[in-house]
Amino acid sequence: MAFSPARDSEEKTQNFVDVHVDTHELHARSTTATEAAASGPVRYHVYKRRWIGILVLMMMNIAVSWGWLTFAPVSNLTAKWFKLSSETPVNWLSTVTFFAYIVATPAVIHLLRRYSIKPTLLLASSLALAGSWIRYGGTKYQSYSATMFGQILIGFSQPFFLNAAPHYSDLWFTQRGRVSATAVVSLSNPIGAALAQLIDPMLATKASDIPNMVLIVAIITTVGSLLWAGFPAHPPSPPSASGSQAKATFRETISAIKCNRNFWIMMTMFSIYVGLFNAFSSLLNQIMMPRGYTADQAGITGALLIVTGLISTAIVSPIVDRTHSYFLAVKICVPIIGACFVAFVFAPKDGMLAGPFAVAAIMGGTSFCLMPLALELAVEFTYPVAPEWTSSLLWCGGQFIGAVMLLGMDAMKTKNGDMKNALTLQAVLACVVVPGAFLFSEGTRELKRLHVDETASA
(Lines give C-alpha, C1' and ligand atoms only; values in the text may rest on other atoms or scores of the structure.)
Protein backbone atom coordinates (compact mmCIF):
# COMPACT_ATOMS: atom_id res chain seq x y z
CA MET A 1 0.00 0.00 0.00
CA ALA A 2 1.29 3.48 -0.83
CA PHE A 3 0.08 6.93 0.15
CA SER A 4 -1.24 9.14 -2.66
CA PRO A 5 -3.73 11.98 -3.09
CA ALA A 6 -6.74 9.80 -3.90
CA ARG A 7 -7.70 6.15 -3.89
CA ASP A 8 -8.07 5.82 -7.66
CA SER A 9 -4.60 7.35 -8.09
CA GLU A 10 -3.30 4.84 -5.57
CA GLU A 11 -4.67 1.96 -7.61
CA LYS A 12 -3.10 3.29 -10.80
CA THR A 13 0.19 3.72 -9.04
CA GLN A 14 0.35 0.05 -8.11
CA ASN A 15 0.30 -0.91 -11.80
CA PHE A 16 3.76 0.56 -12.14
CA VAL A 17 5.29 -0.73 -8.91
CA ASP A 18 7.01 -4.09 -9.24
CA VAL A 19 7.57 -4.62 -5.56
CA HIS A 20 4.62 -4.76 -3.17
CA VAL A 21 5.17 -2.65 -0.08
CA ASP A 22 3.69 -4.06 3.13
CA THR A 23 2.92 -1.16 5.46
CA HIS A 24 3.26 -3.35 8.55
CA GLU A 25 6.93 -3.96 7.67
CA LEU A 26 7.90 -0.42 6.70
CA HIS A 27 10.17 1.34 9.16
CA ALA A 28 11.01 4.49 7.23
CA ARG A 29 7.97 6.69 6.60
CA SER A 30 7.52 10.32 5.92
CA THR A 31 5.93 11.73 9.07
CA THR A 32 4.26 14.49 7.13
CA ALA A 33 2.80 12.11 4.60
CA THR A 34 1.39 9.84 7.29
CA GLU A 35 -0.35 12.70 9.06
CA ALA A 36 -1.67 14.12 5.82
CA ALA A 37 -3.01 10.78 4.67
CA ALA A 38 -4.87 10.35 7.93
CA SER A 39 -6.66 13.71 7.62
CA GLY A 40 -7.43 13.71 3.91
CA PRO A 41 -5.74 14.18 0.53
CA VAL A 42 -2.04 14.94 0.65
CA ARG A 43 -1.09 18.53 -0.20
CA TYR A 44 2.08 18.62 -2.27
CA HIS A 45 4.33 21.67 -2.00
CA VAL A 46 7.94 22.67 -2.65
CA TYR A 47 9.80 25.14 -0.46
CA LYS A 48 12.44 27.74 -1.31
CA ARG A 49 14.45 26.67 1.72
CA ARG A 50 15.30 23.43 -0.09
CA TRP A 51 18.07 25.36 -1.85
CA ILE A 52 19.67 26.21 1.48
CA GLY A 53 20.04 22.50 2.18
CA ILE A 54 21.53 22.04 -1.30
CA LEU A 55 24.14 24.73 -0.58
CA VAL A 56 25.13 23.17 2.75
CA LEU A 57 25.36 19.69 1.23
CA MET A 58 27.51 21.17 -1.54
CA MET A 59 29.85 22.81 0.97
CA MET A 60 30.33 19.59 2.95
CA ASN A 61 30.90 17.53 -0.21
CA ILE A 62 33.52 20.05 -1.34
CA ALA A 63 35.20 19.88 2.09
CA VAL A 64 35.39 16.07 2.32
CA SER A 65 36.48 15.74 -1.31
CA TRP A 66 39.20 18.32 -0.77
CA GLY A 67 40.15 16.30 2.29
CA TRP A 68 40.41 13.12 0.22
CA LEU A 69 42.72 14.74 -2.37
CA THR A 70 44.61 17.17 -0.13
CA PHE A 71 48.03 15.57 -0.50
CA ALA A 72 47.92 14.15 -4.06
CA PRO A 73 48.60 17.44 -5.94
CA VAL A 74 51.70 18.04 -3.79
CA SER A 75 52.75 14.42 -3.36
CA ASN A 76 56.46 15.20 -3.74
CA LEU A 77 56.35 17.88 -1.01
CA THR A 78 54.23 15.67 1.26
CA ALA A 79 56.76 12.83 0.97
CA LYS A 80 59.53 15.26 1.82
CA TRP A 81 57.66 16.71 4.82
CA PHE A 82 56.97 13.29 6.35
CA LYS A 83 60.48 12.07 5.41
CA LEU A 84 59.09 9.22 3.27
CA SER A 85 61.26 7.21 0.92
CA SER A 86 58.77 7.42 -2.00
CA GLU A 87 55.38 8.85 -2.99
CA THR A 88 53.59 5.51 -2.54
CA PRO A 89 52.68 6.19 1.14
CA VAL A 90 51.29 9.55 -0.02
CA ASN A 91 49.05 7.71 -2.49
CA TRP A 92 47.80 5.60 0.41
CA LEU A 93 46.48 8.77 2.06
CA SER A 94 44.05 8.97 -0.87
CA THR A 95 43.48 5.23 -1.22
CA VAL A 96 42.51 4.71 2.41
CA THR A 97 39.53 7.07 2.01
CA PHE A 98 38.13 4.76 -0.68
CA PHE A 99 38.25 1.75 1.64
CA ALA A 100 36.85 3.78 4.55
CA TYR A 101 33.99 4.81 2.26
CA ILE A 102 33.13 1.17 1.57
CA VAL A 103 33.24 0.24 5.27
CA ALA A 104 30.92 3.11 6.25
CA THR A 105 28.35 2.59 3.49
CA PRO A 106 26.12 0.04 5.35
CA ALA A 107 25.84 2.50 8.24
CA VAL A 108 24.79 5.23 5.81
CA ILE A 109 21.95 3.10 4.40
CA HIS A 110 20.74 2.12 7.88
CA LEU A 111 20.86 5.60 9.39
CA LEU A 112 19.23 7.39 6.45
CA ARG A 113 16.46 4.78 6.51
CA ARG A 114 15.86 4.68 10.26
CA TYR A 115 16.39 8.35 11.10
CA SER A 116 15.90 11.60 9.22
CA ILE A 117 18.61 13.09 7.06
CA LYS A 118 19.52 15.79 9.58
CA PRO A 119 20.84 13.67 12.50
CA THR A 120 22.55 11.35 10.04
CA LEU A 121 24.47 14.19 8.42
CA LEU A 122 25.24 15.76 11.79
CA LEU A 123 27.05 12.52 12.64
CA ALA A 124 28.89 12.71 9.32
CA SER A 125 29.84 16.33 9.99
CA SER A 126 31.30 15.31 13.35
CA LEU A 127 33.45 12.65 11.66
CA ALA A 128 34.67 15.10 9.02
CA LEU A 129 35.35 17.74 11.65
CA ALA A 130 37.35 15.39 13.87
CA GLY A 131 39.28 13.98 10.90
CA SER A 132 40.19 17.43 9.57
CA TRP A 133 41.64 18.69 12.85
CA ILE A 134 43.43 15.42 13.60
CA ARG A 135 45.05 15.71 10.17
CA TYR A 136 46.16 19.23 11.00
CA GLY A 137 47.76 18.03 14.24
CA GLY A 138 49.38 15.14 12.38
CA THR A 139 50.92 17.37 9.71
CA LYS A 140 51.99 20.04 12.18
CA TYR A 141 53.96 17.50 14.23
CA GLN A 142 54.99 15.47 11.15
CA SER A 143 53.11 12.36 12.29
CA TYR A 144 52.19 10.28 9.25
CA SER A 145 50.13 7.83 11.35
CA ALA A 146 47.99 10.61 12.89
CA THR A 147 47.44 12.11 9.46
CA MET A 148 46.40 8.70 8.15
CA PHE A 149 43.89 8.33 11.02
CA GLY A 150 42.40 11.70 10.14
CA GLN A 151 42.09 10.61 6.49
CA ILE A 152 40.21 7.48 7.60
CA LEU A 153 37.69 9.57 9.57
CA ILE A 154 37.14 11.81 6.56
CA GLY A 155 36.68 8.68 4.44
CA PHE A 156 34.01 7.46 6.89
CA SER A 157 32.12 10.76 6.52
CA GLN A 158 32.25 10.97 2.72
CA PRO A 159 29.52 8.40 1.85
CA PHE A 160 27.02 10.17 4.10
CA PHE A 161 27.24 13.38 2.07
CA LEU A 162 27.54 11.77 -1.37
CA ASN A 163 24.81 9.17 -0.87
CA ALA A 164 22.45 11.76 0.59
CA ALA A 165 22.04 13.54 -2.77
CA PRO A 166 19.26 11.34 -4.31
CA HIS A 167 17.67 10.94 -0.85
CA TYR A 168 17.54 14.71 -0.39
CA SER A 169 16.20 15.42 -3.90
CA ASP A 170 13.49 12.75 -3.41
CA LEU A 171 12.54 14.36 -0.08
CA TRP A 172 12.45 18.02 -1.19
CA PHE A 173 12.08 18.17 -5.03
CA THR A 174 9.52 17.22 -7.69
CA GLN A 175 10.14 15.15 -10.82
CA ARG A 176 10.92 18.40 -12.67
CA GLY A 177 13.89 19.20 -10.48
CA ARG A 178 15.39 16.00 -9.10
CA VAL A 179 18.11 15.51 -11.73
CA SER A 180 19.28 19.11 -11.32
CA ALA A 181 19.28 18.86 -7.51
CA THR A 182 21.18 15.56 -7.54
CA ALA A 183 23.59 17.00 -10.11
CA VAL A 184 24.39 20.08 -8.03
CA VAL A 185 25.13 18.07 -4.88
CA SER A 186 26.96 15.19 -6.59
CA LEU A 187 29.14 17.47 -8.68
CA SER A 188 30.26 19.43 -5.64
CA ASN A 189 32.37 16.39 -4.77
CA PRO A 190 34.59 16.67 -7.86
CA ILE A 191 34.59 20.44 -7.37
CA GLY A 192 36.40 19.78 -4.09
CA ALA A 193 38.85 17.58 -5.96
CA ALA A 194 39.41 20.32 -8.54
CA LEU A 195 40.02 22.91 -5.83
CA ALA A 196 42.60 20.59 -4.32
CA GLN A 197 44.30 20.15 -7.71
CA LEU A 198 44.30 23.87 -8.44
CA ILE A 199 44.83 25.53 -5.06
CA ASP A 200 47.02 23.09 -3.10
CA PRO A 201 50.11 23.68 -5.29
CA MET A 202 49.64 27.41 -4.62
CA LEU A 203 49.21 26.94 -0.87
CA ALA A 204 52.18 24.59 -0.54
CA THR A 205 55.17 25.78 -2.54
CA LYS A 206 57.59 24.14 -0.12
CA ALA A 207 57.36 21.19 2.28
CA SER A 208 56.95 23.34 5.40
CA ASP A 209 53.71 24.80 3.94
CA ILE A 210 51.87 21.45 4.24
CA PRO A 211 50.39 22.08 7.76
CA ASN A 212 48.94 25.47 6.78
CA MET A 213 47.41 23.93 3.64
CA VAL A 214 45.66 21.30 5.80
CA LEU A 215 44.54 24.00 8.26
CA ILE A 216 42.60 25.84 5.54
CA VAL A 217 40.65 22.67 4.66
CA ALA A 218 39.89 22.12 8.37
CA ILE A 219 38.44 25.64 8.68
CA ILE A 220 36.19 25.14 5.63
CA THR A 221 34.94 21.83 7.07
CA THR A 222 34.19 23.49 10.41
CA VAL A 223 32.04 26.21 8.81
CA GLY A 224 30.04 23.68 6.79
CA SER A 225 29.44 21.46 9.82
CA LEU A 226 27.98 24.35 11.83
CA LEU A 227 25.65 25.44 9.01
CA TRP A 228 24.02 22.00 8.72
CA ALA A 229 22.88 22.10 12.37
CA GLY A 230 20.27 24.77 11.57
CA PHE A 231 18.50 23.03 8.67
CA PRO A 232 15.11 21.23 9.12
CA ALA A 233 14.98 17.44 9.03
CA HIS A 234 12.20 17.23 6.40
CA PRO A 235 9.76 19.53 4.54
CA PRO A 236 6.39 20.31 6.19
CA SER A 237 4.60 18.81 3.15
CA PRO A 238 5.92 16.30 0.58
CA PRO A 239 6.87 17.65 -2.87
CA SER A 240 5.20 14.87 -4.89
CA ALA A 241 3.37 11.54 -4.74
CA SER A 242 6.55 9.45 -4.84
CA GLY A 243 8.15 11.66 -2.19
CA SER A 244 5.26 10.96 0.18
CA GLN A 245 5.16 7.20 -0.26
CA ALA A 246 6.74 4.67 2.08
CA LYS A 247 9.76 2.88 0.66
CA ALA A 248 10.47 -0.83 0.33
CA THR A 249 11.71 -2.94 3.22
CA PHE A 250 15.13 -4.59 3.31
CA ARG A 251 13.80 -7.90 1.94
CA GLU A 252 11.81 -6.18 -0.78
CA THR A 253 14.82 -4.06 -1.67
CA ILE A 254 17.02 -7.11 -2.19
CA SER A 255 14.30 -8.74 -4.27
CA ALA A 256 13.86 -5.64 -6.43
CA ILE A 257 17.58 -5.13 -7.06
CA LYS A 258 19.01 -8.61 -7.51
CA CYS A 259 17.23 -9.38 -10.80
CA ASN A 260 17.02 -5.84 -12.15
CA ARG A 261 19.00 -5.97 -15.40
CA ASN A 262 18.98 -2.22 -16.00
CA PHE A 263 20.28 -1.49 -12.52
CA TRP A 264 23.24 -3.85 -12.85
CA ILE A 265 24.22 -2.42 -16.24
CA MET A 266 24.18 1.04 -14.69
CA MET A 267 26.04 -0.20 -11.61
CA THR A 268 28.82 -1.63 -13.80
CA MET A 269 29.23 1.49 -15.94
CA PHE A 270 29.04 3.92 -13.03
CA SER A 271 31.47 1.96 -10.85
CA ILE A 272 34.11 1.72 -13.57
CA TYR A 273 33.87 5.32 -14.72
CA VAL A 274 33.85 6.75 -11.20
CA GLY A 275 36.73 4.46 -10.24
CA LEU A 276 38.76 5.52 -13.27
CA PHE A 277 38.00 9.19 -12.64
CA ASN A 278 38.99 8.94 -8.96
CA ALA A 279 42.27 7.19 -9.74
CA PHE A 280 42.98 9.61 -12.58
CA SER A 281 42.35 12.62 -10.31
CA SER A 282 44.50 11.20 -7.51
CA LEU A 283 47.45 10.51 -9.82
CA LEU A 284 47.14 13.40 -12.29
CA ASN A 285 50.16 15.15 -10.82
CA GLN A 286 52.27 11.97 -11.12
CA ILE A 287 50.93 11.29 -14.64
CA MET A 288 51.89 14.68 -16.06
CA MET A 289 55.10 15.72 -14.27
CA PRO A 290 57.30 12.94 -15.79
CA ARG A 291 56.20 14.17 -19.22
CA GLY A 292 57.51 17.69 -18.75
CA TYR A 293 54.66 19.46 -16.94
CA THR A 294 54.71 21.41 -13.68
CA ALA A 295 52.47 20.80 -10.67
CA ASP A 296 50.58 24.01 -11.49
CA GLN A 297 49.90 22.84 -15.06
CA ALA A 298 48.64 19.49 -13.77
CA GLY A 299 46.41 21.42 -11.37
CA ILE A 300 44.97 23.51 -14.20
CA THR A 301 44.25 20.30 -16.14
CA GLY A 302 42.34 18.95 -13.15
CA ALA A 303 40.45 22.23 -12.80
CA LEU A 304 39.43 22.10 -16.49
CA LEU A 305 37.76 18.74 -15.82
CA ILE A 306 35.53 20.46 -13.29
CA VAL A 307 34.83 23.79 -14.97
CA THR A 308 33.66 22.26 -18.25
CA GLY A 309 31.73 19.64 -16.28
CA LEU A 310 29.84 22.30 -14.35
CA ILE A 311 29.00 24.27 -17.48
CA SER A 312 27.77 21.23 -19.43
CA THR A 313 25.76 19.89 -16.48
CA ALA A 314 24.14 23.29 -15.92
CA ILE A 315 22.88 23.05 -19.52
CA VAL A 316 22.03 19.34 -19.78
CA SER A 317 20.44 18.57 -16.38
CA PRO A 318 17.50 21.02 -16.67
CA ILE A 319 16.82 19.74 -20.20
CA VAL A 320 16.72 16.13 -18.99
CA ASP A 321 14.53 17.17 -16.04
CA ARG A 322 11.92 18.51 -18.46
CA THR A 323 12.22 16.03 -21.34
CA HIS A 324 13.15 12.90 -19.32
CA SER A 325 15.46 11.86 -22.18
CA TYR A 326 17.70 9.87 -19.84
CA PHE A 327 18.64 7.09 -22.25
CA LEU A 328 19.56 9.41 -25.12
CA ALA A 329 21.87 11.43 -22.86
CA VAL A 330 23.60 8.26 -21.63
CA LYS A 331 24.14 7.04 -25.23
CA ILE A 332 25.80 10.33 -26.12
CA CYS A 333 28.02 10.71 -23.05
CA VAL A 334 29.40 7.20 -22.56
CA PRO A 335 31.19 6.73 -25.94
CA ILE A 336 32.76 10.18 -25.64
CA ILE A 337 34.09 9.37 -22.16
CA GLY A 338 35.64 6.15 -23.48
CA ALA A 339 37.29 8.04 -26.34
CA CYS A 340 38.71 10.63 -23.93
CA PHE A 341 40.45 7.99 -21.81
CA VAL A 342 42.00 6.60 -25.00
CA ALA A 343 43.11 10.08 -26.09
CA PHE A 344 44.77 10.80 -22.75
CA VAL A 345 47.20 7.92 -23.28
CA PHE A 346 48.86 10.07 -25.96
CA ALA A 347 47.80 13.66 -25.13
CA PRO A 348 50.35 14.60 -22.42
CA LYS A 349 53.56 14.89 -24.43
CA ASP A 350 56.72 16.98 -24.06
CA GLY A 351 55.03 19.63 -21.94
CA MET A 352 52.59 20.70 -24.69
CA LEU A 353 49.39 21.99 -23.10
CA ALA A 354 46.79 21.95 -25.89
CA GLY A 355 46.33 18.16 -25.92
CA PRO A 356 45.77 17.44 -22.21
CA PHE A 357 43.73 20.63 -21.75
CA ALA A 358 41.38 19.76 -24.63
CA VAL A 359 40.92 16.12 -23.60
CA ALA A 360 40.36 17.07 -19.95
CA ALA A 361 37.73 19.63 -20.95
CA ILE A 362 35.75 17.13 -23.05
CA MET A 363 36.14 14.36 -20.47
CA GLY A 364 34.89 16.62 -17.70
CA GLY A 365 31.93 17.88 -19.71
CA THR A 366 30.63 14.38 -20.49
CA SER A 367 31.57 12.64 -17.22
CA PHE A 368 29.81 15.21 -15.08
CA CYS A 369 26.66 15.05 -17.18
CA LEU A 370 26.57 11.27 -16.77
CA MET A 371 26.95 11.23 -12.98
CA PRO A 372 23.53 12.64 -11.91
CA LEU A 373 21.81 10.83 -14.79
CA ALA A 374 23.15 7.50 -13.53
CA LEU A 375 22.15 8.19 -9.92
CA GLU A 376 18.61 9.21 -10.87
CA LEU A 377 18.15 6.38 -13.37
CA ALA A 378 19.15 3.86 -10.71
CA VAL A 379 16.34 5.22 -8.50
CA GLU A 380 13.87 5.06 -11.40
CA PHE A 381 14.81 1.47 -12.27
CA THR A 382 14.33 0.17 -8.71
CA TYR A 383 11.46 2.29 -7.31
CA PRO A 384 10.07 1.99 -4.57
CA VAL A 385 13.51 1.07 -3.23
CA ALA A 386 14.81 3.95 -1.09
CA PRO A 387 17.23 6.23 -3.01
CA GLU A 388 19.98 5.79 -0.42
CA TRP A 389 20.21 2.10 -1.36
CA THR A 390 20.93 2.61 -5.04
CA SER A 391 23.17 5.64 -4.59
CA SER A 392 25.18 3.84 -1.89
CA LEU A 393 25.70 0.77 -4.07
CA LEU A 394 26.75 2.83 -7.08
CA TRP A 395 29.17 5.04 -5.15
CA CYS A 396 30.54 2.09 -3.19
CA GLY A 397 31.35 0.30 -6.45
CA GLY A 398 33.09 3.41 -7.74
CA GLN A 399 35.18 3.79 -4.61
CA PHE A 400 36.24 0.13 -4.71
CA ILE A 401 37.30 0.31 -8.37
CA GLY A 402 39.06 3.60 -7.63
CA ALA A 403 41.08 2.07 -4.80
CA VAL A 404 42.09 -0.95 -6.88
CA MET A 405 43.00 1.22 -9.88
CA LEU A 406 45.02 3.67 -7.81
CA LEU A 407 47.10 0.89 -6.28
CA GLY A 408 47.49 -0.87 -9.61
CA MET A 409 48.41 2.27 -11.55
CA ASP A 410 50.97 3.26 -8.93
CA ALA A 411 52.59 -0.16 -9.27
CA MET A 412 52.69 0.16 -13.09
CA LYS A 413 55.04 3.15 -13.17
CA THR A 414 58.15 2.73 -15.28
CA LYS A 415 61.63 3.35 -13.87
CA ASN A 416 61.50 7.00 -14.91
CA GLY A 417 58.02 7.40 -13.41
CA ASP A 418 56.04 7.40 -16.67
CA MET A 419 52.50 5.99 -16.39
CA LYS A 420 51.72 5.13 -20.02
CA ASN A 421 50.98 1.48 -19.15
CA ALA A 422 48.56 2.59 -16.42
CA LEU A 423 46.84 5.02 -18.79
CA THR A 424 46.50 2.24 -21.36
CA LEU A 425 44.78 0.05 -18.77
CA GLN A 426 42.38 2.89 -17.98
CA ALA A 427 41.59 3.32 -21.69
CA VAL A 428 40.86 -0.39 -22.16
CA LEU A 429 38.48 -0.50 -19.18
CA ALA A 430 36.73 2.69 -20.29
CA CYS A 431 36.09 1.21 -23.74
CA VAL A 432 34.94 -2.19 -22.47
CA VAL A 433 31.86 -0.72 -20.79
CA VAL A 434 30.81 1.56 -23.68
CA PRO A 435 28.38 -1.05 -25.16
CA GLY A 436 26.47 -1.00 -21.86
CA ALA A 437 24.96 2.36 -22.82
CA PHE A 438 23.06 0.62 -25.63
CA LEU A 439 21.93 -2.45 -23.66
CA PHE A 440 19.30 -0.88 -21.40
CA SER A 441 15.70 -2.05 -21.63
CA GLU A 442 14.12 1.24 -22.56
CA GLY A 443 10.53 2.41 -22.48
CA THR A 444 8.27 4.37 -20.20
CA ARG A 445 7.63 1.45 -17.83
CA GLU A 446 11.32 1.40 -16.84
CA LEU A 447 11.01 4.86 -15.25
CA LYS A 448 8.83 3.67 -12.38
CA ARG A 449 9.03 6.66 -10.03
CA LEU A 450 8.29 9.08 -12.86
CA HIS A 451 5.12 7.14 -13.69
CA VAL A 452 3.95 7.35 -10.08
CA ASP A 453 4.25 11.13 -10.11
CA GLU A 454 2.69 11.59 -13.54
CA THR A 455 -0.23 9.30 -12.67
CA ALA A 456 -0.86 11.14 -9.41
CA SER A 457 -0.87 14.53 -11.13
CA ALA A 458 -3.05 13.40 -14.05
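The values are calculated or read from the model by the stated rules, or taken from the named source; none is laboratory data. Keep in mind that this is a model prediction, so the values were computed, not measured. Ideal geometry is used to build each Cβ from the backbone, glycine not excepted, and the neighbour counts take in all protein chains shown. The protein model used for the area step is the full one, side chains on, heavy atoms only, and it has no ligands, DNA or RNA in it. Shrake-Rupley method; radii C 1.70, N 1.55, O 1.52, S 1.80 Å.
With a 1.4 Å probe and all protein chains left in place, how much accessible area per residue does the range 111-193 have, in Å²?
29 Å²
What accessible area per residue comes out for the range 326-391, rounded to a whole number of Å², with a 1.4 Å probe?
Result: 26 Å² per residue.
In what order, largest first, do MET371, MET60 sit by accessible area if the probe radius is 1.4 Å?
Result of the area sort, largest leading: MET371, MET60.
With all protein chains present, how much of the accessible area of the range 125-196 (probe radius 1.4 Å) comes from carbon and sulfur, to the nearest whole percent?
Carbon with sulfur: 70 percent of the solvent-accessible area.
Of the accessible area of the range 268-357, with the probe set at 1.4 angstrom, what percent is carbon plus sulfur?
For the range 268-357, the apolar C and S fraction of the accessible surface comes to 75 percent.
Given the Cα-Cα distance of ASN421 and MET202 and 0.36 nm per residue of separation, how much length would full extension add, in nm?
75.9 nm
Could you report the accessible area of ILE319 in Å², rounded to 10, computed with a 1.4 Å probe on the protein chains as they sit in the structure?
My reading of the accessible area for ILE319 is about 90 Å².
Rank SER180, SER392, SER126 by accessible area, highest first, at a 1.4 Å probe radius?
Largest accessible area first, the list is SER126, SER180, SER392.
Could you state how much accessible area LYS258 has, in square angstrom rounded to the nearest 10, with a 1.4 Å probe and all protein chains kept in place?
130 Å²
Would you tell me the accessible area of CYS340, worked out with a 1.4 angstrom probe on the heavy atoms of the protein chains, in Å² to the nearest 10?
About 10 Å², ignoring ligands and nucleic acids.
Within the range 133-167, list the chymotrypsin sites (Phe, Trp or Tyr not before Pro) lying in a DSSP loop whose Cβ has at most 11 other Cβ atoms in a 10 Å radius.
TYR141
Of LYS258/LYS413; LYS83/LYS118; LYS258/LYS331; LYS118/LYS206; LYS331/LYS415; LYS80/LYS415, which sit over 30 Å apart, Cα to Cα?
Distance filter (> 30 Å) returns LYS258/LYS413; LYS83/LYS118; LYS118/LYS206; LYS331/LYS415.
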